[in-house]
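Undergrad: Questions regarding the structure given below will be posed in turn.
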Amino acid sequence: MRAIGPELTRYGVRNVLTDPTLELLDGRGALIASNDNWQTTVIGGIIIKDQVAAIRASGHTPGDPSESAIIATLPPGNYTAIVRGVNATTGVGLVEVYDLD
């Protein structure tokens, strides 16, 4: 999954979220993964190793270094993705979820 903002400007979107962060919560609302700037992996929760190479190999690399991405293998269930702007900034962002199998 990825959270993009700056990349949207090439499609004419204005007021984009310039530095989106991405959080993944499980069905109980517990934070299980997060990322800010896809080229830096945040280890914790379900993320146990660096993800940069896997994100590059996925074919869905964010177009801007400030955008966020998480690769996760999840069991069936309900999940919530939250996109926020760093330092409470606001703007237009997009969450995309891909099945990489």
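Undergrad: Scan the range 17-33 for residues that are of a type in the set (Asp, Glu) and farther than 21 Å from Ala88 by Cα and jot them down.
TA: Of the residues in the range 17-33, the ones of a type in the set (Asp, Glu) are 19, 23, 26.
Of everything in the range 17-33, just one residue is of a type in the set (Asp, Glu) and farther than 21 Å from Ala88 by Cα, namely Asp26.
Undergrad: Return the pair list, or none, for Cβ contacts closer than 6 Å from residues in the range 36-58 that are free of Cβ contacts under 8 Å to residues at least 24 places away in the same chain to residues that are hydrophobic (A, V, I, L, M, F, W, C) and open to solvent by 30 Å² or more (accessible area, probe 1.4 Å), at least 6 apart or on different chains.
TA: Note: pairs meeting the criteria are Gln51/Ile71; Ala54/Ile71.
For every residue, the table says whether it meets (1) touching a strand residue (DSSP E or B) at 6+ places or on another chain (Cβ under 8 Å); (2) open to solvent by 40 Å² or more (accessible area, probe 1.4 Å).
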| position | (1), (2) |
| --- | --- |
| Asn15 | yes, yes |
| Thr18 | yes, yes |
| Leu24 | yes, no |
| Asp36 | yes, yes |
| Gln39 | no, yes |
| Gly63 | yes, yes |
| Ser66 | yes, no |
| Ile70 | yes, no |
| Gly77 | no, yes |
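Undergrad: Tell me which residues, restricted to the range 55-89, are polar (S, T, N, Q) and in a strand (DSSP E or B).
TA: Kept after step one, since they are polar (S, T, N, Q), are these residues of the range 55-89: 58, 61, 66, 68, 73, 78, 80, 87, 89.
Hits for the range 55-89 are Ser68, Thr80.
Undergrad: Could you please let me know if Val52 is modelled with pLDDT under 95 and open to solvent by less than 70 Å² (accessible area, probe 1.4 Å)? Full working, then the answer.
TA: Working: modelled with pLDDT under 95: no; open to solvent by less than 70 Å² (accessible area, probe 1.4 Å): yes.
Against the criterion (modelled with pLDDT under 95 and open to solvent by less than 70 Å² (accessible area, probe 1.4 Å)), Val52 does not qualify.
Undergrad: Taking the range 90-101 as the region of interest, how many residues are within 17 Å of Ile55 (Cα to Cα) and outside any strand (DSSP E or B)?
TA: Residues flagged as within 17 Å of Ile55 (Cα to Cα) and outside any strand (DSSP E or B) within the range 90-101 amount to 5.
The values are calculated or read from the model by the stated rules, or taken from the named source; none is laboratory data. Given the structure is predicted, the values throughout are model-derived calculations rather than measurements. Note: ideal-geometry Cβ built from the backbone for every residue, glycine included; neighbour counts use all protein chains shown. For the accessible areas, the whole protein counts, side chains as well, though only heavy atoms, and no ligand, DNA or RNA atoms are used. Shrake-Rupley method; radii C 1.70, N 1.55, O 1.52, S 1.80 Å.
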